[in-house]
1. Is the C-alpha gyration tensor of the protein assembly as shown telling us rounded, prolate or oblate? Criteria: a/c under 1.5 is rounded; beyond that, a/b larger than b/c is prolate, otherwise oblate.
2. May I ask you to derive the FRET efficiency for B:Leu174 and A:His57 from their Cβ-Cβ distance with R0 = 60 Å, giving the value to the nearest 0.05?
3. Roll a 1.4 Å probe over the protein chains and send me the accessible area per residue for the protein assembly as shown in Å².
4. Over the alpha carbons of the range B:78-119, what is the largest minus smallest coordinate on each principal axis, giving the biggest first in Å?
5. Could you size up the charge dipole of the protein assembly as shown around its Cα centre, putting +1 on the beta carbon of Lys and Arg and -1 on that of Asp and Glu, and report it in debye to the nearest 20?
6. For the range A:106-176, rounded, prolate or oblate, judged on the Cα gyration tensor with a ≥ b ≥ c (square roots of eigenvalues), a/c < 1.5 rounded, else prolate if a/b > b/c?
7. Could you calculate, for the range A:17-218, the ratio of the Cα radius of gyration to the Kirkwood radius, expressed as Rg to Rh?
8. Scale the Cα Rg of the range B:1-58 by the rule-of-thumb value 2.2 N^0.38 Å and send over the ratio, two decimals.
Amino acid sequence: MHNVLLPFVGGLGQGVLLFLIASGLTLIYGVMRVLNFSHGGFFMLGAYFTYTLARGHVLPAPLLVAVVVAAGLLTALVGAITERGVFRRLYSLPEISSLLATFALLLVFEGLGRLVWGIAPLSQPQSPAFLGEMHLGPVTLPSYDVFLYVVGAGVVVGLEWLVEKTEFGRMVRATAADRQMAALLGIDVERIFLAMFSLGIFLAGLGGGLVSPLIGLTPELAVSFIIQAFAIVIVGGLGSVRGTLLAAIFFGLLNAYLVALRPELADFSLYIGMGLFLIFRPQGIMGRAGSPGELAA
Amino acid sequence: MRMPLGAIVAAAVLLALTLPHWANGAQLFFWETVLIQMLYALSVNLLIGHAGIPSFGQAAFFGIGAYAVGLASAALPPIVLLPLAMVLAAVAALAVGAIALRTYGIAFAMVTLAVGQVLYTATLHVPVLGGENGLAGIDRGKLFGIALGSPAAFWYLCAACVGLGILALRTVHLSPFGYLLRAMRDDPLRTRFLGVDIRAQRLGAFVVAGAFGGLAGALFAYANQIVTPDAFAWVRSGDPIIMALIGGMSTFWGPVVGALIYTWVTHAFAEVTPAWILYVGMVFLFFVVVMPEGLLSMARSLRERLSR
């Protein structure tokens, strides 16, 4: 029983982390139609900001959470500046040109990471409280995984509420559907773009901050996570938050079970998953990116 | 346009013939790298610039060519192994393209990126491929009884292969097939109305580009005499795109100019700072956003404006 459940627990936590990165990517694509290669760079910044704010010290759990949120906000600030400086020039370019431009930005961020934090791995220690376990009947859950579930659920609910239930969300959906029409109706499209971009980048920074106690921090983080995130948004359907959630959990679980059952295949889990979808459900890979109004669907 | 091109090609050939007489080993190696990058960037630009197929996974075929040489250099001479590497890369491109071309646009870019990453990951796990250390001690062998271990002899082989490769790609570019690719890029729907099987033509372009990517990889392995998983790394798919963009994607010779500039600039920056990737990224960004037409197109439109 335990052999079946254990990968599930860890895989779900990993799925949440993947979702945090990929959801920002899909939000930005859904509204602005820019597939953001540099998203991984912001993820890297979130992880490094957490390390710098915590100065690599062991922090009690509430303080670590506060530091991670602060790192996410700092990353969002960098994102907002980047949006004003670079991204707004890309909205009118063809998709492939903007993809190349954000690829260039990814290189810039990786270079910044090397310049500021160096190429040697840095490590942010985990809070003692997050190293413990929680018991739910017969099931033992690592408490950090439980914390990640809560964060993931909070983000999903928060995004659904923001996009579906609020005035702001209506304007976002209108902008995503037809930005010219939305602008004619008096919606400040530039402000919507700035807000949604910053929100997406905040999620990436938050994801980076939450990953920072789990792995060694190097500038390569920028690249290693973006490929996973791309696979997820493409399988989930570009622009769809729910699809992204399902795909992230699918990839998290697939990886965890392969690690447990067929470790020699574990490093390929991403590509196995992507290949399966491509062969059996190519429409899942295409998503419904062209259709309007599916931002949160 | 015709006259200066002929003169430049003649000068380049002359330069290639005399280079070993006045360049040292390190300089020869640098120029071999430049030549290989030129061929590689041309192969990528056939897809992205001319056929409008956004492949982010050309490293897959570069790596297959390189590893073919790494595995078989002791058994086969370069005159067999170089064409064999091309064939292997072409067959791989046929298989990858047949599946990946079911998608288009950004999804296609991501799928090709993933294919490159699969092979990169495979090199780390399959023992025959040497893991992280790769395959060292590649034997350049002999050609017509001449040992290619000497820098000058290998330089001539490398220059000849790249020269022939460029000639072949130029022929493709000026062939009806080449025009068809550009027509599909500019208006796929109308091209289809003309009765053209678009997916078959795209697959053809993918295979041709894969073959020459494989040749570039094979030459790269011979030049370095070692092949590592870096041959499959995703930056190796990105680099030639940057080169093509700098030179001008809509032109034939753009990638050649871009490869020269890019290789030289990264070489210069990498000696000074570990954060060279930052400056490369900034230059690249400048070209995408401010000068997306690239240097050659800029030069052309400038000349047209002056002659008016």
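The values are calculated or read from the model by the stated rules, or taken from the named source; none is laboratory data. The model shown is predicted, which means the values in this text are computed figures rather than measured ones. Don't worry about glycine lacking a Cβ; one is built from the backbone with ideal geometry, like all the others, and counts go over all protein chains shown. Ligands, DNA and RNA are excluded from the accessible area calculation, which covers all protein heavy atoms including side chains. Shrake-Rupley method; radii C 1.70, N 1.55, O 1.52, S 1.80 Å.
1. Prolate, because a/c is 1.5 or more and a/b exceeds b/c.
2. According to the calculation, E is roughly 0.40.
3. Accessible surface, normalised per residue, equals 42 Å².
4. 38, 18, 13
5. Computed about the Cα centre, the dipole is about 1380 debye.
6. Since a/c reaches 1.5 but b/c is at least a/b, the shape of the range A:106-176 is classed as oblate.
7. Looking at the range A:17-218, the ratio lands at 1.02.
8. Against the empirical 2.2 N^0.38 Å value, I get 1.47 for the range B:1-58.
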